[in-house]
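The values are calculated or read from the model by the stated rules, or taken from the named source; none is laboratory data. Every value quoted in this text rests on a predicted model; they were computed, and no experiment measured them. Methodologically, a virtual Cβ is constructed for each residue, glycine included, from the backbone with ideal geometry; neighbour enumeration extends over all protein chains shown.
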Amino acid sequence: MEVPVIRHTKEPSSFPYLCADTERALLLLDESGIIKYCSPGVANCFCVNPQAIIGQPVTGLLPGLPIGARFPGFSLACNTFHLEGKQWLAFSGQDNEGREFPLKAALVPLEIDGRPFFLLELRTQRALAGEDEKLQKFQEVSELSDDAVAVTTMEGLIEYVNPAFEELTGYRKDELVGRTHAILNSGVHEPAFFLEMWTTLRAGRSFRGQFVNRRQNGALFYEDKIIRPFYNASGKMSHFMASGRDVSEQVQIMHRLEHLANYDSLTGLPNRNLFLDRLQQAEARGSRNHDGFAIVLLDLDHFKAINDTLGHAVGDAVLQTTAFRIRQCLREGDTVARLGGDEFSLILTEVALRQDVMKVLEKIVALLGEPLIMDSQNIPVQASIGIAIYPEHGEDGQTLLKHADSAMYRVKTAGGNDYLIFERKEEGRPIYSLQK
């Protein structure tokens, strides 16, 4: 059985934050069987002042424990309790007047900053009777359910899983009982996700969400899950019931549809739809943070002639190569998209000066000009490029696109293979040649 690890706990005395809000009788024991902490619920179970028994051997409360006054060792204690997960074992308790009474105990080994401890939970037979009956009925029904069902304690330890849970996760029941759901943690979710989950559950409300979990073989899967509080016969919250089903196939279909809706199938670049969405985001950041950005429209020159003379297969290869080469020149946060045909669009972020735009364009121009050899032919790749910069040439995306397109059109009509930064009075202004 894997030993749970409690991190960031400098001393056993800081353990109470884990269980101070529970009415259960919980004892924290060191490896010698000395009580280091007890929860408020111990007073109800033994009619004693919890503070009075701290530092005392646990055998003073549990004379029926089948071990001596001191635990002979961490491993031996676990074997003595036959723990492969959390199991309830019958013992005798003794109150402050020496009267014995029947109860059940469950032991869970813990590690606090590298030191071994035991968490001992105690319940009277009366308290367990009603709860066990309700849990038993629930588990009997769950055995036949197609949903993956798990029952955990208030501390998050798994007490029960049904066959569907074993099938979904790839773990056997004996590998899961006594451990937490962290065994399935994929690392995908942010801590805030689990914080919201535990806050909701401990407030007595159900939590529904889509979990990305990890199977025993390492594969990830998506699970739609609802977790509900379970109340015992006394009306106290005692467990959490989780029920979920695998929705990986549906999620994968949804992701494929989203990809088709937002990406160009030939080049793998974002399409017009996704480009406009990212343009809105850039516009919002620019307005909020006063960050400059540039819109670049790039149209391949003489592409129709390539298609007509060399065929569509070569034309497609030119488009794919162009997309790849442009991507090689971009920085993190920049975007290149294929708007359609032979037209590409770029969003260059964090642009403070025109020189910032020129540095990226120089890389693109140099890479596009490298030889493209197909079927022993050197295919020249040239482009007409227009640029508009936020906020100098417009304070909204549509205006920037219009001005970048105007600049590109002027380059195209002048013979192409050049770039131009938009100016409001362009007539008579020189075109910056790519050949210079």
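Annotations
- Among the residues of this structure, Q398 counts as one that is closer than 20 Å to P270 by Cβ and exposed (fewer than 13 other Cβ atoms within 10 Å of the Cβ).
- Qualifying residue in segment 282-296 (condition: touching a Ser or Thr at 6+ places or on another chain (Cβ under 6 Å) and not charged (D, E, K, R)): yes
- The residues listed here are L195, L260; of these, the one that is of a type outside the set (D, E) and under 30 Å from E343 (Cβ atoms) is L260.
- The residue that is surrounded by the most Cβ atoms within 10 Å (Cβ to Cβ), among those in segment 315-365 that are in contact with a Gly (Cβ under 6 Å, 6 or more places away or on another chain) and either at pLDDT 95 or above or not hydroxyl-bearing (S, T, Y) (or both), is V351.
- Among the residues making up segment 210-233, those that are in contact with a helix residue (DSSP H, G or I) (Cβ under 7 Å, 6 or more places away or on another chain) and not charged (D, E, K, R) are N213, Q216, F221, Y222, I227, P229, N232, A233.
- If only residues of segment 27-71 that are modelled with pLDDT under 70 and crowded, with 18+ Cβ neighbours inside 10 Å are counted, the one that is nearest to D113 (Cα to Cα) is F71.
- Filter pass, A404 being among the aliphatic types (A, V, I, L, M), touching a Leu at 6+ places or on another chain (Cβ under 7 Å), surrounded by 16 or more Cβ atoms within 10 Å (Cβ to Cβ) and free of Cβ contacts under 8 Å to residues at least 60 places away in the same chain: no
- Hits in segment 157-182 - residues which are in contact (Cβ under 8 Å) with a residue 60 or more places away in the chain and more than 19 Å from D224 (Cβ to Cβ): L157, I158, E159, D174, L176, V177, G178, R179, T180
- Yes/no for L168 being outside the structural domain of P50 (by TED's automatic domain parsing), part of a helix (DSSP H, G or I) and at pLDDT 80 or above: yes
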